[in-house]
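Colleague: Below you'll find the structure I mean.
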Amino acid sequence: MKLIEVIANVGHKDTLAAIAKEVRTGELLALPTNDPDTSLMRFFVADDQVQQTLDKLQTLLGTQTAASIAVYSPETVLPKADIAERQLEDRATVTRESLYDGIEKSAQLDQNFVLLVILSTVVATIGLLEDNVAVVIGAMVIAPLLGPNLALALGSVLGDLQLMRKALRVNSVGITLTMVITVVIGYLWPMAVVSDEVAARTIVSMDSVVLALASGAAAALSLTTGLSAILVGVMVAVALLPPAAAAGLLLGNGNYHLAAGAALLLVINVTCVNLATCLVFLSKRIGPRTWQEKTRARRATGVLVFMGVVAVGVLILAVVLYEQLVAPVL
């Protein structure tokens with residue numbers, strides 16, 4: 001259950017009461033405010049109907065600049081819902097607004113993001129050079145590059161071009177910064193960059209494509225169901241930063257063939273994560289509210305999905321050629 005709090009003109013009280021009755025949450029509680037023309041109204045909504053209720057409220061109150069809507073998650077609600085209702089709530093997804101707020105914050109190009117990229121790059125580089133799997137996993141869990149890729153997929157299904165541009169910019173800056181740092185380290189490293197952890201990031205096969213698709217879908221599913229703790233496992237499974245770091249180290253060290261393998265793995269992970277995430281968002285019916293936004297979202301999503309499918313096909317061909325031509329030489 002969620003508690004929805006609305007501050008709006010008192011003239012909307014009857015309409016809000018009808019909405020509360022429609023979603024079967026009981027009576028609407030109306031409280032006075034300091035402004036005699038406005039009222040504070042509260043009512044409970046089942047988790048599976050929160051998005052529908054928010055859309056109705058935004059449509060009703062969209063022209064009121066002073067109106068506001070807040071959603072709260074109470075620790076418990078008594079009496080408890082029956083078993084059937086709890087099972088329905090277990091299948092519910094988070095609201096579009098909540099999902100947007102969480103993902104948009106992870107795609108901010110600010111000092112914190114830059115520091116996270118630098119620190120995780122340093123951690124990953126040490127782990128790769130010292131062949132320390134625990135340190136590499138630590139860099140995976142930091143995962144500063146996962147947020148921008150999720151934001152790109154969400155922006156496409158919502159038709160939010162501003163979020164898509166922001167995600168592309170942040171992702172590009174993060175990968176470029178990682179590559180620059182590791183290329184310099186690889187160039188200055190006095191010995192050959194050879195370790196099992198580096199070698200593991202240069203091996204590309206069809207398994208890499210399947211893993212990236214499955215992990216991207218798991219990331220989106222964990223977000224839409226509110227089980228964000230699963231993301232830790234996804235970060236480790238489809239790490240984006242270690243392949244970038246390995247590619248930079250090998251490139252700076254002059255090992256161009258192995259660097260190509262690591263770069264191909266990075267491209268596979270980025271492409272498949274975006275495609276799988278976008279498809280899961282669509283399957284969960286996450287989209288914009290108004291028909292104008294839906295039209296723009298369909299175009300953006302169609303373009304992204306088409307480009308993603310074509311890119312995955314090209315990458316599969318590249319993997320086959322890599323296995324036949326490059327891998328036997330290494």
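Colleague: Pull up region 104-127, narrow it to residues that are crowded, with 22+ Cβ neighbours inside 10 Å and closer than 19 Å to VAL270 by Cβ, then point me to the one that is modelled with the lowest pLDDT.
Modeller: Looking at residues that are crowded, with 22+ Cβ neighbours inside 10 Å and closer than 19 Å to VAL270 by Cβ, I get ALA107.
Colleague: Look at ASP160 and say whether it is modelled with pLDDT of 85 or more, assigned by TED's automatic domain parsing to the domain that holds LEU250 and more than 17 Å from the chain's Cα centre (by Cα). Quick ask: steps written out before the conclusion?
Modeller: Working: modelled with pLDDT of 85 or more: yes; assigned by TED's automatic domain parsing to the domain that holds LEU250: yes; more than 17 Å from the chain's Cα centre (by Cα): no.
Answer is no for this residue.
Colleague: Here is a check on your reading of the model: is ILE268 touching a residue at least 60 places away in the same chain (Cβ under 8 Å), part of a loop (DSSP other than H, G, I, E, B) and touching a Ser or Thr at 6+ places or on another chain (Cβ under 8 Å)?
Modeller: Taking the combined requirement at face value, the residue does not satisfy it.
Colleague: Is it the case that GLN108 is part of a loop (DSSP other than H, G, I, E, B) and of a type in the set (S, T, N, Q)?
Modeller: yes
Colleague: Here's another thing I want to ask about it. State whether the residues of region 239-253 include one that is under 20 Å from the mean Cα position of the chain (by Cα), in a loop (DSSP other than H, G, I, E, B) and at pLDDT 80 or above.
Modeller: For region 239-253, residues under 20 Å from the mean Cα position of the chain (by Cα), in a loop (DSSP other than H, G, I, E, B) and at pLDDT 80 or above: present.
Colleague: Another question, if that's okay. Checking PRO144 against (1) crowded, with 18+ Cβ neighbours inside 10 Å; (2) in a helix (DSSP H, G or I), which single condition isn't satisfied?
Modeller: Failed condition: (2).
Colleague: So which of ILE185, ILE137 is over 28 Å from GLU323 (Cα atoms), in contact (Cβ under 8 Å) with a residue 40 or more places away in the chain and over 15 Å from the mean Cα position of the chain (by Cα)?
Modeller: Result: ILE185 is the single residue among ILE185, ILE137 that is over 28 Å from GLU323 (Cα atoms), in contact (Cβ under 8 Å) with a residue 40 or more places away in the chain and over 15 Å from the mean Cα position of the chain (by Cα).
Colleague: Based on what the data block shows, is ALA276 at pLDDT 85 or above, surrounded by 21 or more Cβ atoms within 10 Å (Cβ to Cβ), in contact with a Lys or Arg (Cβ under 9 Å, 6 or more places away or on another chain) and under 24 Å from ILE175 (Cβ atoms)?
Modeller: no
The values are calculated or read from the model by the stated rules, or taken from the named source; none is laboratory data. Please read all numbers here as calculations on a predicted model, not as lab measurements. Ideal geometry is used to build each Cβ from the backbone, glycine not excepted, and the neighbour counts take in all protein chains shown.
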